[in-house]
Amino acid sequence: MPDDATDDLLPETTEHPTTGRPLVVTVLVLIALTVISWAISRAHLGDLGIPIALLIAALKAGMVAWAFMELPRASAPARIMAFVTIAFIALLCGGMVGDLAMR
Amino acid sequence: MSDLADEIVYADRRQRDHALHLGMWLFLGSETLLFAGLFGLYAAYRSVYDADFAAGVDHNNATIGTANTLILIISSFFVAWSIHSLRANKRRMCIGSLLVAMLLGCTFLVLKLVEYSGHFAEGIEPGPHYSFAELPATGARTFFTLYYSMTGLHALHVIAGITILGWLALRVKRGRTIPERPVELELGGLYWHLVDLMWIFLWPLLYLTG
């Protein structure tokens, strides 16, 4: 049986926004960022192209996680899970590229 | 799980929903790590065959890729809107939003098939079947093999997502997922948003960074 200690891990609130406005604003910003990313790619920025495209992608992913997936309202273990996953991917990709770059 | 079993394992409904959400986040984490292997391979091979990868990206149809990005972002919005609608006790709006998201998901797949058929017609096929004379280098062959692996795996997730959204729409229609407890819809929504998240990163790597 669960005990009161597990309550510390639960989300502080189960309340949800009563207005859908944040969702509408989020999707409009996501569309704008998509258009900006496409426009920047047409400018052919050379070596800067990939970091800028990935930075915009990360910003968009953060917005999806924040507004659509409701990450701020998720429990602490769920938030830790999300951040650990991102860290593992960065470690994997960084390690593979770093290994090849230093040979 | 039956209601009796729920009572034995969980103190209350809030705790049960919390456990379901945590389980879903763990599943999403494992799904993400499945893609991470492919992202890692892309990063490694790109650092070796940068020029060939750039040529492969330039050859891909950025218009279709960009359209698919917008389609998935808007579909993600409709899934979030369906949850918002159900919480507000607007079941018809919820079902309608889910159907629009499913339609957008199907449109994504149709565009992907159009793109694949164009590639096949040019001899751009995965692995040893590659015969595209314009980009004959090993790096280009590797790029397109990774392209098929990444987009193919993603397309399988889109198909699974559309199926889940359809099942959820039926549950809401039959009154089995209700405004007071929309947890199944929230979990299905999380899966669809992950599909969107993956594409948000695939799009620049496969269509923009030439």
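The values are calculated or read from the model by the stated rules, or taken from the named source; none is laboratory data. Source: prediction; values computed, not measured. Cβ: placed from backbone, ideal geometry, glycine included. Neighbour counts: every protein chain shown. Only protein heavy atoms, including side chains, enter the accessible area calculation; ligands, DNA and RNA are left aside. Shrake-Rupley method; radii C 1.70, N 1.55, O 1.52, S 1.80 Å.
One residue alone among A:LEU28, A:LEU33 is at pLDDT 95 or above and open to solvent by less than 50 Å² (accessible area, probe 1.4 Å), and that residue is A:LEU33.
Of all residues in the range B:47-60, those that are aromatic (Phe, Trp, Tyr) have Cβ atoms under 9 Å from Cβ atoms of residues that are not in a helix (DSSP H, G or I), 6 or more apart or on another chain, in B:TYR49/B:ALA137; B:PHE53/B:THR209; B:PHE53/B:GLY210. Selection of helices (runs of 4 or more DSSP H) fully inside the range B:1-99 by the criterion of at least 2 residues being within 28 Å of A:ALA90 (Cα to Cα), in contact with a helix residue (DSSP H, G or I) (Cβ under 7 Å, 6 or more places away or on another chain) and open to solvent by 20 Å² or more (accessible area, probe 1.4 Å) returns B:13-48, B:50-59, B:62-87. Any chance the range B:141-153 includes a residue that's within 20 Å of A:TRP38 (Cβ to Cβ) and touching a Lys or Arg at 6+ places or on another chain (Cβ under 6 Å)? No, the range B:141-153 has no match at all. Check the range B:130-147 and report whether any residue there is closer than 21 Å to B:TYR191 by Cβ and under 21 Å from the mean Cα position of the chain (by Cα). No, every residue in the range B:130-147 fails to be closer than 21 Å to B:TYR191 by Cβ and under 21 Å from the mean Cα position of the chain (by Cα).
Among (1) modelled with pLDDT of 95 or more; (2) more than 26 Å from A:MET69 (Cβ to Cβ); (3) of a type outside the set (Phe, Trp, Tyr), there is one condition B:ALA5 misses while meeting the rest; what is its number? Answer for B:ALA5: the failing condition is (1). Just to be sure I understand the filter: pairs with C-beta atoms under 6 Å, separated by 6 or more residues or on different chains, first member in the range A:64-76 and within 8 Å of chain B (Cβ to nearest Cβ), second member of a type in the set (A, V, I, L, M). Which pairs pass? Cβ pairs passing all conditions: A:VAL64/B:LEU197; A:ALA65/A:LEU71; A:PHE68/B:ALA80; A:MET69/B:LEU190; A:SER75/A:LEU9; A:SER75/A:LEU10.
Restricting the first member to the range B:178-193 and to residues that are within 20 Å of B:ALA160 (Cα to Cα) and more than 10 Å from every other protein chain (Cβ to nearest Cβ), and the second to residues that are open to solvent by less than 10 Å² (accessible area, probe 1.4 Å) and not in a helix (DSSP H, G or I), the beta-carbon pairs closer than 6 Å and six or more apart or on different chains are B:GLU184/B:THR177; B:LEU185/B:THR177. Would you mention how many residues in the range A:81-103 are exposed (fewer than 13 other Cβ atoms within 10 Å of the Cβ) and over 30 Å from B:ALA51 (Cβ atoms)? Of the residues in the range A:81-103, 3 are exposed (fewer than 13 other Cβ atoms within 10 Å of the Cβ) and over 30 Å from B:ALA51 (Cβ atoms).
Per this entry, B:ALA160 is counted among residues that are at pLDDT 95 or above and open to solvent by 30 Å² or more (accessible area, probe 1.4 Å). Summed over the range B:195-210, the residues that are open to solvent by 10 Å² or more (accessible area, probe 1.4 Å) and assigned to a helix (DSSP H, G or I) give a count of 5. Scanning the range B:75-95 for residues that are without any contact (Cβ under 8 Å) to a residue 24 or more places away in the chain, more than 20 Å from the chain's Cα centre (by Cα) and within 14 Å of chain A (Cβ to nearest Cβ) yields B:HIS84, B:SER85, B:LYS90, B:MET93. Filtered by the rule that a residue be open to solvent by less than 50 Å² (accessible area, probe 1.4 Å), among the small types (Gly, Ala, Ser) and part of a loop (DSSP other than H, G, I, E, B), the range B:114-146 gives B:GLY123, B:ALA137.
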